[in-house]
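First the structure, in the form of structure tokens, and then the observations on it.
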Amino acid sequence: MNKFLKINLFIYFILTATCNALAAEKVEYLKTDWSFKGLFGKFDRGSLQRGYQVYTEVCSSCHSMKYLSYRNLTEKGGPEFTEDQAKAIAASFEVTDGPNADGEMFKRPGKLSDKFVMPYENVKAAQAANGGAYPPDMSVLAKARGGGVDYIYSLLQGYEDPPMGITLDEGVYYNKFMYGNKIKMSNQLSDGLVEYADGTVSTVEQMSKDVTTFLMWAAEPHLEARHRMGFKAIVYLIILTTLVYFSMKRIWSRIETEV
Amino acid sequence: MSEEYTPKSKFGKWFNDRLPLLSLANHLTDYPTPKNLNYWWTFGGILTFCLITQIVTGLVLAMHYIAHADMAFDSVEHIMRDVNYGWLIRYIHANGASMFFLAVYIHIFRSLFYGSYKAPREIIWIIGIIIYLLMMAAAFMGYVLPWGQMSFWGATVITNLFSAIPLVGEGIVTWLWGGYSVDNPTLTRFFTLHYLIPFLILGLVVLHIWALHVPGNNNPVGIDIKKPSKDTVPFHPYIVIKDGFALLMFMIVFAFFVFYTPNILGHADNYIEANPLVTPAHIVPEWYLLPFYAILRSVPDKLLGVVAMLSAIFILAALPWLDTSKIRSAVFRPLYRQFYWILVADVLILGYVGAMPAEGLYLLIARIATAYYFLHFLVILPILGYKEKTLPVPLSITDPILGGSPNLATARNKESLSNK
């Protein structure tokens, strides 16, 4: 029986390997060390704050983040801006509120409880301003792409001149990591584009890493709590399992059968 | 049920005469169980745990979820961000579905190996197949609820299958959708049914266990045992603690998925809100439906594809009559054992090609694997029952192990069991 199982598994793996090889047009994404991966993975606070800066100064002119509120910026496990900092950030945006007692909509400075202000009124307006392409909402973007953070990190650095024989339409750019290689977003990052408050040198690589970290947090704001709880839960389960194992041995020792 | 049981206390006796709950509890704890059940037998308990977990987490999610095409995706994000431990409850529910199917596949393949579907257990088996069908329905509808791209397009592809029915097909699809495309009415009815089906499953699980308690458990040796006897142990504490231990092991795997890779079993596209104007490059169902998806796509004709896919499931219900062998356990069926493992590989291959685009080599493999799947049940199993030279089966569980019986099967039996 064992022999046949092995032969079968062998055939299975050979087949899957062949199929994988045949399907192998996959691009290798650029790799970097993500602080939030692994059993104890946590976000790098500095990177999150810098990432927020890149998002606001670069991305947010086209990309919304409709599920985030300014209060999230102060929450534990996030960029952890102080409340005053976050209030100042919120107040720097103009929010449309209302209707007031006269039935009029009015503008006021943002508050912590406001959602991130959207760059466009609606999807149509966003498309009209971007040559027909809708800049996707970035709230869960890091989970909404195959390849996740590695893909986004690579994409931001993947712009290059198109190879010979490929002609691009007006407003279309070549990116070696994009599906189909054609992307309607132009290269947004260049060295020194953002002046980091903490003095970090803003290379394209650094900014890509920071903004991607920020996007991961935006998509999974409770990631740190999840990792912490997961470790405790699994340690607890392992201890309990061990205890139950010995109880089981003890109970079954009353009859002469191996468990 | 044990009629001889009488509660000790006066009130207990008074109550039990009117509603024999205590007799039932006594039956459940004393239930004589074969003592040689291996760990493959612990998945029944694990499945009960999965069902309860899905119902409890689902109940909490339903308190926060909004079944509306414009708000469903937002409400899921609300659960993930702002509901206290909403992320935990949703990840348990989403991964719980996968764990449920993992357990049910092990449970089904255990039955296939040890011939648990054979007389006198056909009704248990058929109820099990109905439960499995309902599970697939519940899982499919549940996947639609977050209203992401895969939700929407998966729902479109699967409901469109009904259009293959001649004459009335189109009408049925419109009726299912509650409109001319998958839209808000589809979402609300899927939500309603997704809430209903688990309770149907729960009812069937009660019948499944009831039907099991009539003939008692099958066992790795696959022989009828006298109960209670030296071949059996009372369910409590022996099986309870063993099931508990196995459940805890299972929960460690479960916890790993929930806490460390909660999205690995899902599709990234489902974090993009449903958009009827944009079709994803590859529409793939969840992993546990992939073998059937592969069968569906391997047939060039739409109607025949649907027929093939449904037959692949319903053929299982006929298994007690397709398998003509009198011997239950594969331990004593050297040929069946080999075909069993080929079938396992075949289903894994179907699952793999189901996730790949239906073209070229993948399509060819899918067709061969589909043909073999039906060949196994319709040709190999019936013939095998007549042709196979089976090994001698021991008369009891205890005798070959304790008595040093001259039965040749003994050594083999023990060896096979330890290999498992």
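Screening B:Leu384, B:Leu378 for residues that are part of a helix (DSSP H, G or I), out of contact with any helix residue (DSSP H, G or I) (no Cβ under 6 Å at 6 or more places or on another chain) and in contact (Cβ under 8 Å) with a residue 60 or more places away in the chain leaves exactly one candidate, B:Leu378. Can you find a residue that is more than 12 Å from chain A (Cβ to nearest Cβ) and either among the β-branched types (Val, Ile, Thr) or closer than 29 Å to B:Phe332 by Cα (or both) anywhere in the stretch B:268-278? No: the stretch B:268-278 contains no residue that is more than 12 Å from chain A (Cβ to nearest Cβ) and either among the β-branched types (Val, Ile, Thr) or closer than 29 Å to B:Phe332 by Cα (or both). Considering the stretch B:345-364, and only residues there that are more than 7 Å from chain A (Cβ to nearest Cβ) and among the β-branched types (Val, Ile, Thr), the residue that is farthest from B:Ile283 (Cα to Cα) turns out to be B:Val347. On inspection, B:His107 does not qualify as within 26 Å of A:Met138 (Cβ to Cβ) and in contact (Cβ under 8 Å) with a residue 12 or more places away in the chain. Residue-level check: of (1) charged (D, E, K, R); (2) within 14 Å of another protein chain (Cβ to nearest Cβ); (3) over 20 Å from B:Trp287 (Cβ atoms), B:Glu122 misses just (2). On inspection, B:Leu202 qualifies as farther than 30 Å from A:Lys249 by Cβ and either modelled with pLDDT of 95 or more or out of contact with any Cys (no Cβ under 8 Å at 6 or more places or on another chain) (or both). Pick out the one residue from A:Leu141, A:Leu156 that is farther than 23 Å from B:Leu265 by Cα, buried (at least 20 other Cβ atoms within 10 Å of the Cβ) and either modelled with pLDDT of 95 or more or at the interface with chain B (Cβ under 10 Å from one of its Cβ atoms) (or both). Matching residue, one of A:Leu141, A:Leu156: A:Leu156. Summed over the stretch A:159-184, the residues that are within 23 Å of A:Trp217 (Cα to Cα) and either surrounded by fewer than 11 Cβ atoms within 10 Å (Cβ to Cβ) or more than 14 Å from chain B (Cβ to nearest Cβ) (or both) give a count of 1.
The requirement of being modelled with pLDDT of 95 or more, at positive phi, within 14 Å of chain A (Cβ to nearest Cβ) and surrounded by fewer than 17 Cβ atoms within 10 Å (Cβ to Cβ) is not satisfied by B:Tyr39.
A count restricted to the stretch B:239-267 and to residues that are aromatic (Phe, Trp, Tyr), surrounded by 18 or more Cβ atoms within 10 Å (Cβ to Cβ), at the interface with another protein chain (Cβ under 7 Å from one of its Cβ atoms) and closer than 16 Å to A:Arg226 by Cβ stands at 1. Here B:Leu176, B:Leu207, B:Leu196 are screened, and the one residue that is more than 21 Å from the chain's Cα centre (by Cα) and away from chain A (no Cβ under 14 Å) is B:Leu176. Given the criteria crowded, with 19+ Cβ neighbours inside 10 Å and of a type outside the set (Lys, Arg), does B:Phe332 qualify? When the stated conditions are applied, B:Phe332 passes them. Here is a list: A:Arg108, A:Arg71. Which entry is part of a helix (DSSP H, G or I) and surrounded by 11 or more Cβ atoms within 10 Å (Cβ to Cβ)? So the residue among A:Arg108, A:Arg71 that is part of a helix (DSSP H, G or I) and surrounded by 11 or more Cβ atoms within 10 Å (Cβ to Cβ) is A:Arg71. Every listed requirement among (1) surrounded by 17 or more Cβ atoms within 10 Å (Cβ to Cβ); (2) among the hydroxyl-bearing types (Ser, Thr, Tyr); (3) part of a loop (DSSP other than H, G, I, E, B) is met by B:Ser229 save one, (1). Among the residues of the stretch B:334-375, the one identified as of a type in the set (Gly, Ala, Ser), under 22 Å from B:Ile106 (Cβ atoms) and free of Cβ contacts under 8 Å to residues at least 12 places away in the same chain is B:Ala345. Any idea which residue in the stretch A:166-177 is farthest from A:Ser208 (Cα to Cα), counting only those that are at pLDDT 90 or above and part of a loop (DSSP other than H, G, I, E, B)? It comes out as A:Val172. Against the list (1) in contact with a Phe, Trp or Tyr (Cβ under 8 Å, 6 or more places away or on another chain); (2) within 14 Å of another protein chain (Cβ to nearest Cβ), the condition B:Phe339 fails is (1).
Sub-8 Å Cβ pairs linking a first residue in the stretch A:220-239 that is more than 7 Å from chain B (Cβ to nearest Cβ) to a second residue that is in a helix (DSSP H, G or I) and charged (D, E, K, R), at least 6 apart or interchain, are A:Glu220/A:Lys143; A:Glu220/A:Arg226, ordered by first then second residue. Scanning the stretch B:83-98 for residues that are more than 14 Å from chain A (Cβ to nearest Cβ) and either of a type in the set (Lys, Arg) or touching a residue at least 60 places away in the same chain (Cβ under 8 Å) (or both) yields a count of 3. Restricting attention to the stretch B:211-219, does a residue exist that is more than 14 Å from chain A (Cβ to nearest Cβ), buried (at least 17 other Cβ atoms within 10 Å of the Cβ) and outside any loop (DSSP other than H, G, I, E, B)? So far as the stretch B:211-219 goes, yes, one or more of its residues are more than 14 Å from chain A (Cβ to nearest Cβ), buried (at least 17 other Cβ atoms within 10 Å of the Cβ) and outside any loop (DSSP other than H, G, I, E, B).
The values are calculated or read from the model by the stated rules, or taken from the named source; none is laboratory data. Note that the structure is predicted; figures quoted are calculated from it, not measured. So basically every Cβ, Gly included, is an ideal-geometry build from the backbone, and we count neighbours across all protein chains shown.
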